[in-house]
Amino acid sequence: MAKKKRDKNRVLIFDTTARDGKQSPGCNFGPDDTIRLAHQLARMKVDVMEAGFPVSSDDDFEAVRRVAHEVPGITCAALARANKDDIDCVMKAFGDAIKRSRIHIFIATSDVHMEKKLNKSPDEVIRMAVEAIKYAQACGIDNIEFSPEDASRTGFSFLAKIVAAAAWAGARTINIPDTVGYAVGTEYPNMILRLMHEVSIIERNDIVLSLHCHNDCGLATANTLAGLAAGARQAHCTINGIGERAGNTHLAEVVMALKTRRDYYKLDTGINTKEIGPTARLVSSIIGKPIHDTLPIVGANVHAHSAGIHQDGVLKERATYEIMSPEDTGWQEESLPLSSQSGRHGFKQRLAYIGYEVNAKTFGVVYAKFKELAAMKPLVHNTDLHMLMQETEAEQHAEEEGWIRLLNVDYHKLDGTRRVFVGLTANDNTFEASGTGNGPFDATWSAVRSALTRQKFWPGEIKLESFDVSKGQGGIESVGIARVKISLGDYAAFGRGSDTDIVVACTKAHIAALNNLINAPILRERIS
Ligand code: KIV
Ligand code: ZN
C-alpha cells in the first residue's frame, strides 16, 4: 500500500509531561495519574505522549504498559537508552500494543557527555545508536525516534554523521535536544536548517525532525518556534512547562503562538485548544503545584487588565490589548462549578467528565466529602474535585495497606501558641497526641510526630525540609493547599493536603509525605 503523504505544514505535538516533566523535583506521579493525563491529552488531540522510561522504575513500566493498551487516539512513546536491556523493557511494556507505539532511543553526543558520562569514543557512540535502532526494528517496531542527547553542544559534523547513521538504520523521527537550554540566537534553527540541507537522507526518507528544548535561559519556546520555522515538524513539550531544572517547552505557548500568528508561521497543529485550560488545571492538581498567575496562556492574570488605559481599551474593543480569546484556550472552567444543590447524578457525570470512573464504594465516600466541602464553599470547581478524588484514592490505598491515616484534628491558640490535637490510625493502631508551634505547619508536624513517636511508629531522623501553601481555584472561598517536603537519610518525599481549614490541610500534607517516604519507594526522591 502506498505511504500516505505527510502534510508539510502540520506540526506534530509530542507531550513529555509524564517523562521529562515528571523529572522535575516534587512532580513525580504514578500510573493512575498518567492514565488520567493520557485521556486528557488524547482529548486535546496531542499526537504522541511519552508515557515514561520503563527501565527506570516499575512505576514507569506500568504507566507505559497501561497507556499503550488503554488509551486510544494517541501514540504512546517510551524512552530507552541505546542498549538491549532498555529496549527489551520497552518492548515488554508495549506488548501487543507495539503497532500503535513509538520507541524513543537516545544517546549523548556532545564531547563532555561522551567523555565524562559515557566514557565512549564518537565511533562507539555511533555504533551503539545504530545497533540499538536495528535491534528495536528486529523486535518488531518501526516507529522509532532517535535523540542525540545534548545535540546543541555537539560539534555539527559529528551531529550530522550520527543523524545520518540513525536515519539509515531506520529511525523515522530524529529529535534534536537542546538538553541544557544552551542554544541562543539563530543557533538552534540554523542547526535544523543545516541538517535538512546537508543530510540528504532526511529528505529522501521523509524523516521528521523534532525539537526538544529546555528552559534554562528562558528560551525554550522561542527556540522551539524558531526550529519549526526552520523546517522541523515535531515539538516536544510539557504541560505548564514542567521538566528538568527550569523545565521544558510549554505546550500551550507553542500551540497558541502558531495559532495566533498563523499569518507568520503558516503551520498548524491538530490541538483542540479549548482543552488547554482543563489540561493545565489537571496537571496542576496531579502534581499539587498551582499554576503561576503569569504563566502564559493559562495563568490567572493573562486575561486580566488592571491599568486604567488598558481597561478602557478592552471595554471599547477587546482586541486593543488581547491577542487571543479566553474561550479559545478553555482558560475559564469549561463547565459550571458544582454547588451544595448539585445532586448525585450531576456529580457523577462531572467526575466522569474530568476522568474518574468510580465504583459505588468510592462514589459514596467522595460524594460525602463533596457535600461537606460544598457546605463550606459555595462553588466547587473541577480542581477541587481532582483534589477530593486524589485524597479519597490515597486514603483508600492507605487503609488497604495499613498506612497512616488521619482520623481527626482540632486546635486552639493560646498566648500566640497554637496547640494542635491529632488522632491517627495505622495497621489497626490508634495514636493521639498534641503538639505546639507558632504556625500551622510546625504545630501540626509536632503533633503528628509525637503521636507516632509514642507508639514507636516514627522511623528516625525525619526532617521537615520545606513547606508552602497556596490557594485552590476560585475566590476568597478557595481551599488551601499545603505542600511539604520531608527527608530521611538519602531520600526525600513530598506530600500535599487540601482543606478549607489550613491546619487540617497541613496535617494531611504531613501524613501524605510520611506515607510516601516510608511506604512508597516509587514516590521518594534520592537527595544524595
Ligand atoms: O533533554 C534531553 O536531552 C532529553 C532526552 C532524553 C531527549 O530529555
Ligand atoms: Zn529533556
- Based on what the data block shows, is T507 in a strand (DSSP E or B) and either basic (K, R) or surrounded by 16 or more Cβ atoms within 10 Å (Cβ to Cβ) (or both)? no
- Item | Of all residues in segment 13-70 being within 16 Å of ligand 1 (Cβ to nearest atom) and of a type in the set (F, W, Y), the one that is farthest from E253 (Cα to Cα) | F53
- Item | Which numbered condition S470 misses (of (1) in a strand (DSSP E or B); (2) under 22 Å from the mean Cα position of the chain (by Cα); (3) at pLDDT 90 or above) | (3)
- Residues of segment 200-219 being within 16 Å of ligand 1 (Cβ to nearest atom), surrounded by fewer than 24 Cβ atoms within 10 Å (Cβ to Cβ) and not in a loop (DSSP other than H, G, I, E, B), which ones? V208, L209
- Message: Looking at the structure I just gave you, is C27 more than 28 Å from R262 (Cα to Cα) and within 16 Å of ligand 2 (Cβ to nearest atom)?
- Response: yes
- Message: Pull out all pairs, ordered by first then second residue, where Cβ-Cβ is under 7 Å, the residues are six or more apart or on different chains, the first lies in segment 105-121 and is among the basic types (K, R), and the second is surrounded by fewer than 22 Cβ atoms within 10 Å (Cβ to Cβ).
- Response: K120/M114
- Task: Any chance you could count how many residues in segment 371-391 are part of a helix (DSSP H, G or I), open to solvent by 40 Å² or more (accessible area, probe 1.4 Å) and touching a residue at least 40 places away in the same chain (Cβ under 8 Å)?
- Result: 1
- Message: When you scan segment 339-347, do you find a residue that is within 19 Å of R43 (Cα to Cα) and open to solvent by 40 Å² or more (accessible area, probe 1.4 Å), even just one?
- Response: no
- Would you please name the residue that is nearest to the chain's Cα centre (by Cα), looking only at residues in segment 78-129 that are open to solvent by less than 10 Å² (accessible area, probe 1.4 Å) and not hydrophobic (A, V, I, L, M, F, W, C)? H104
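Return the only residue of A394, A368 being without any contact (Cβ under 8 Å) to a residue 24 or more places away in the chain, in a helix (DSSP H, G or I) and out of contact with any helix residue (DSSP H, G or I) (no Cβ under 6 Å at 6 or more places or on another chain).
From the options A394, A368, the qualifying one is A368.
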- Query: If you take the residues in segment 239-268 that are among the polar types (S, T, N, Q) and within 16 Å of ligand 1 (Cβ to nearest atom), which one is nearest to A319 (Cα to Cα)?
  - Reply: T249
- Message: Would you confirm whether or not segment 186-199 contains a residue that is within 16 Å of ligand 1 (Cβ to nearest atom), of a type in the set (A, V, I, L, M) and not in a helix (DSSP H, G or I)?
- Response: no
- Positions within segment 152-199 being free of Cβ contacts under 8 Å to residues at least 12 places away in the same chain and open to solvent by 70 Å² or more (accessible area, probe 1.4 Å), in sequence order: S157, H197
- Message: Could you go through segment 88-101 and let me know if any residue there is within 16 Å of ligand 1 (Cβ to nearest atom), touching a residue at least 12 places away in the same chain (Cβ under 8 Å) and not in a helix (DSSP H, G or I).
- Response: no
- Give the residue, chosen from A151, A165, A220, A171, that is under 20 Å from E50 (Cβ atoms) and either among the basic types (K, R) or away from ligand 2 (no atom under 15 Å from the Cβ) (or both). A171
- Query: From the list A222, A232, which residue is surrounded by 22 or more Cβ atoms within 10 Å (Cβ to Cβ) and modelled with pLDDT of 95 or more?
  - Reply: A232
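The values are calculated or read from the model by the stated rules, or taken from the named source; none is laboratory data. Predicted, not measured: the structure shown is a model, and the values here were computed from it. Heads up, the Cβs are rebuilt from the backbone with ideal geometry, glycines too, and the neighbour counts pull from every protein chain shown. These area figures cover heavy atoms from the full protein model, side chains too; ligands, DNA and RNA do not enter into them. Shrake-Rupley method; radii C 1.70, N 1.55, O 1.52, S 1.80 Å.
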